[in-house]
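Structure first, commentary second.
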Amino acid sequence: MRNGNKRSLMVSAAALMVAFSVAGCGANNTTNNTTNNTTSEGATNTDTAATTNETNATNTAENAPAESAGDLKGATIKIGLWWDGADPRLMEEKDRGPAEDEQIALIEAAEKKYNGKIEFVKFGDYGKYVENLTTTSLAGDPFADVVVLELFWSFPGLVNKNFILPIDDMLDLSDSKYIPWMKNGGSFQGKQYGFIDSPPSPYGIFYNKKLVQQLGVEDPYELQKSGAWTWDKFRELAKAATKDQDGDGKTDVFGYIGDMKVSTEQFVYGNKGSFDKDESGAMKFSMDSANSIQGLQLVADMYNVDKSILQPAPKDGNDKAFIAGKSVMYGGFSWELGGLKDNMKDTELGYVFFPKAPNASDYTSYTPYGNMYMVSKYSKNPEIAMKIMDEISLHGKNKELAVESWKNQYTPDALDTRTQMYDKIDYSGSYIAIPDADKLVDSVLKDITEGKVAPATAVEKVKNQFDAGIAKLQADSK
């Protein structure tokens, strides 16, 4: 089910996927060098929206609030990140789309309003990025006023060490322009720290619609539309799709394939479980909770009882196995659609949420990857810096541009799913901050699949080590 890549490599790559419109509007479709996993699906250069958005950009700039908001007196607000291409003003005019034009107008308006300059500052060494922030901050001159940070760097570490500020009193967070993902992923212990104006790429299920039809089972999208796309229906489809087609005694086509850990997160977190948080949200080993065990049991049963999860894991990648027809369903991030379509030109692909869990009331996509803009406590102008970030962001316009571009990529059914996902993404990666927790989760998943160990036994084996990791993180974060 897993393609053999280590999560550490995936985190480093996915770290480049910050979902903020200014930060990489022209990103492409690969995790290795994309800076924006929302616009990597083509959300910016949308010709059909150009006229409307250029007009909106002008109107927004002209109608910016005129009240006294603070005078920078020529000072520069710096926005820190680890990649190139964040400043739309540096793009050649011929390469700009409507989003870039609007952002430039907003930046110019903010510079005028606050009597200052806005600069995007790159510190490219991802491995030393946090060290650079803390060192320059303690020296009294942080390398940026607003800084992109991984959520697992920030919570609890940088918050508890007082390197970043809450923004609750800087912005009116009751405003509907602030997206659910920003509040879901960017809050910690009741306070809001993260700022973002578009969500990361969701994780869902691609499926071969023709093969589903041939099986004579209900289409996942139709089930989803009626609220009946559940674990039972998912398992039923996966079992029906698993076949020995040539009669040699070996399974040729499986029901499902996907990254083991990210897929399991959908089942556990979707069922109101967690790896590292209790029901109150406090950090605590929780793989042994009833809801978590139920999610793990589903994975174990599909792997060992139904044998509907592709096994052994393909050496050349899960996506390639799906493309080759070795599975009917494939768990993948939405940005993968382009590559799948390029290699499956005659195949109609469906895309749905992971099935609704027994304890869930709605469909939600969970991602372990997320980074947001946060305000440095050591900034000389923290409130102005945050207001500038807010005012140069596209907010709801991002979704309009994205949906318009998706119309050329997704089938109508899949477009409906992808559009819903924009507002239904939550965070599952906080455990990555805990020393060795990532490896311990791996060991549990290996035990309950290849090792055929009961989930309750598998999680009990790692509990003490997991608890020790939590204690170390909490001690190091003081």
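Odds and ends about this structure:
- Comparing P202, G185, F275 along the charge dipole axis of segment 127-275, the residue lying farthest to the positive side is F275, per the Cβ-charge model.
- Applying the criteria of a DSSP loop state and at most 16 other Cβ atoms within 10 Å to the GluC sites (Glu not before Pro) of segment 296-392 yields E348.
- Dipole magnitude (debye, nearest 20) for segment 287-334, charges at Cβ of Lys, Arg, Asp, Glu: 220 debye
- DSSP-assigned coil residues among trypsin sites (Lys or Arg not before Pro) in segment 329-372, each with at most 13 further Cβ atoms within 10 Å: K345
- Per-residue accessible area (protein heavy atoms, 1.4 Å probe) orders I384, I79 as I384, I79, starting from the largest.
- The residues of the chain present an accessible area of 41 Å² per residue when probed at 1.4 Å with all protein chains retained.
- Cβ-based charge dipole, segment 75-175, positive-most Cα from Y129, P166, F152: Y129
- One quarter of the surface of the convex hull around the alpha-carbon atoms of the chain equals 22.3 nm², the direction-averaged projected area.
- Probe 1.4 Å - accessible area at E236, Å² to nearest ten: 90 Å²
- The chain, accessible surface, carbon-and-sulfur percent (1.4 angstrom probe): 47 percent
- Estimated 222 nm signal from helices in the chain, with DSSP H stretches of n ≥ 4 weighted -39500 (n - 2.57), rounded to 500: -11500 deg cm²/dmol
- Cα-centred dipole magnitude for the chain, charges only on beta-carbon of K, R (+1) and D, E (-1), debye, nearest 20: 1140 debye
- Fraction of antiparallel bridges per DSSP, the chain only, in percent to nearest 5: 55 percent
The values are calculated or read from the model by the stated rules, or taken from the named source; none is laboratory data. Since the model is a prediction, treat every value here as computed from it, not as a measurement. Virtual Cβ from ideal backbone geometry, glycine too; neighbours counted across all protein chains shown. Just the protein is used for accessible areas: all its heavy atoms, side chains included, with ligands, DNA and RNA removed. Shrake-Rupley method; radii C 1.70, N 1.55, O 1.52, S 1.80 Å.
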